[in-house]
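Reading through the structure tokens given below for one structure.
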Amino acid sequence: TMDDGTIKNKEYFLASRKSIDELRCVTHEYTKPDACMIALYHVDEKTKEVSMMITTQYREPLGTYMTSMPAGLVDSDDKDIADTARREALEEAGVLLDDIEILAPASTTSSGMSDEMNAMVLARISGFANNALEEFEDITANLVPLRKIKEMLVDSKYIIPIHTRLTMLYLIERFGIK
């Protein structure tokens, strides 16, 4: 409805993993995240160098590989977002976590296109194990020193989502990388 009382109809498309009756525009439920993005860092015991776990994953909508960080959907078995982070970090990157910190609760990621809401956590890598990718996942994970992350941010060969770029900048600042 417009300010003058006239009604204008429009067609609108959105992307969602939910059924029509579960859409956020219907339920107005804005506190439960659908997924978790996991910023992982590792401090080398000998050199004290700080690295970030970076993933490379093929993304169909872009038709190419993206440089990002581990992330995944919340499962019904997960007790909380820390549980999701632990499970996804092990699945995608083969790492164990400690010092889990919630940087952002459920937050929109692309509110003009999707009702998806993601949480963001930061965690220290406390150990390494084997990853357990699902059969359809094409993901590689690598530790990259934060000093090299600075170079990646200005290199156009890397397709980096905005949330990952901001997280990279945050970690560079947090750990005082010059």
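The values are calculated or read from the model by the stated rules, or taken from the named source; none is laboratory data. Here the structure is a predicted model, which is why all the values come from computation and not from measurement. Positions of Cβ are generated from backbone atoms using ideal geometry, with glycine treated the same way; all protein chains shown enter the neighbour counts. Note: areas computed on protein heavy atoms with side chains; ligands, DNA, RNA excluded. Shrake-Rupley method; radii C 1.70, N 1.55, O 1.52, S 1.80 Å.
Annotation: of all residues in the range 120-139 being of a type outside the set (Asp, Glu), closer than 30 Å to Lys18 by Cβ and at pLDDT below 95, the one that is nearest to the chain's Cα centre (by Cα) is Ile139.
Condition test on Asp75, is it without any contact (Cβ under 8 Å) to a residue 60 or more places away in the chain, closer than 20 Å to Arg17 by Cα and surrounded by fewer than 18 Cβ atoms within 10 Å (Cβ to Cβ)? Break it down stepwise before answering.
Details: without any contact (Cβ under 8 Å) to a residue 60 or more places away in the chain: yes; closer than 20 Å to Arg17 by Cα: yes; surrounded by fewer than 18 Cβ atoms within 10 Å (Cβ to Cβ): yes.
Against the criterion (without any contact (Cβ under 8 Å) to a residue 60 or more places away in the chain, closer than 20 Å to Arg17 by Cα and surrounded by fewer than 18 Cβ atoms within 10 Å (Cβ to Cβ)), Asp75 qualifies.
Go through the range 24-38 and give me each residue that's surrounded by fewer than 14 Cβ atoms within 10 Å (Cβ to Cβ) and hydrophobic (A, V, I, L, M, F, W, C).
Residues satisfying the conditions are Cys25, Val26.
The listed residues are Val144, Val95, Val121, and the only one of them that is in contact with an Asp or Glu (Cβ under 7 Å, 6 or more places away or on another chain), open to solvent by less than 30 Å² (accessible area, probe 1.4 Å) and hydrophobic (A, V, I, L, M, F, W, C) turns out to be Val121. Listed by first and then second residue, the pairs linking a residue in the range 145-161 that is hydroxyl-bearing (Ser, Thr, Tyr) to a residue that is at pLDDT 95 or above, with Cβ atoms under 8 Å apart and 6 or more places separating them unless they lie on different chains, are Tyr158/Thr67; Tyr158/Met152. Residues in the range 1-51 that are closer than 30 Å to Met69 by Cα and among the aromatic types (Phe, Trp, Tyr) were compared, and the one that is nearest to the chain's Cα centre (by Cα) is Tyr41.
Annotation: of all residues in the range 149-160 being surrounded by 12 or more Cβ atoms within 10 Å (Cβ to Cβ) and either more than 16 Å from the chain's Cα centre (by Cα) or not hydrophobic (A, V, I, L, M, F, W, C) (or both), the one that is modelled with the lowest pLDDT is Lys150. Of the candidates Ala132, Ala89, Ala82, the single residue that is in contact with a helix residue (DSSP H, G or I) (Cβ under 9 Å, 6 or more places away or on another chain), open to solvent by less than 80 Å² (accessible area, probe 1.4 Å) and not β-branched (Val, Ile, Thr) is Ala132. Residues to consider are Leu97, Leu90; find the one that is over 30 Å from Tyr12 (Cβ atoms), assigned to a strand (DSSP E or B) and in contact (Cβ under 8 Å) with a residue 12 or more places away in the chain. Every option except Leu97 fails the conditions.
Step by step: first the residues of the range 1-50, then only those that are of a type in the set (Gly, Ala, Ser) and assigned to a loop (DSSP other than H, G, I, E, B), then the one that is nearest to Val74 (Cα to Cα). Which residue is that? Quick ask: steps written out before the conclusion?
Quick first cut of the range 1-50, residues of a type in the set (Gly, Ala, Ser) only: 5, 15-16, 19, 35, 39.
So of that shortlist, the ones also assigned to a loop (DSSP other than H, G, I, E, B) come out as 5, 16, 19.
Working: Gly5: 42, Ser16: 15, Ser19: 16 Å.
Checked the range 1-50; the qualifying residue nearest to Val74 (Cα to Cα) is Ser16.
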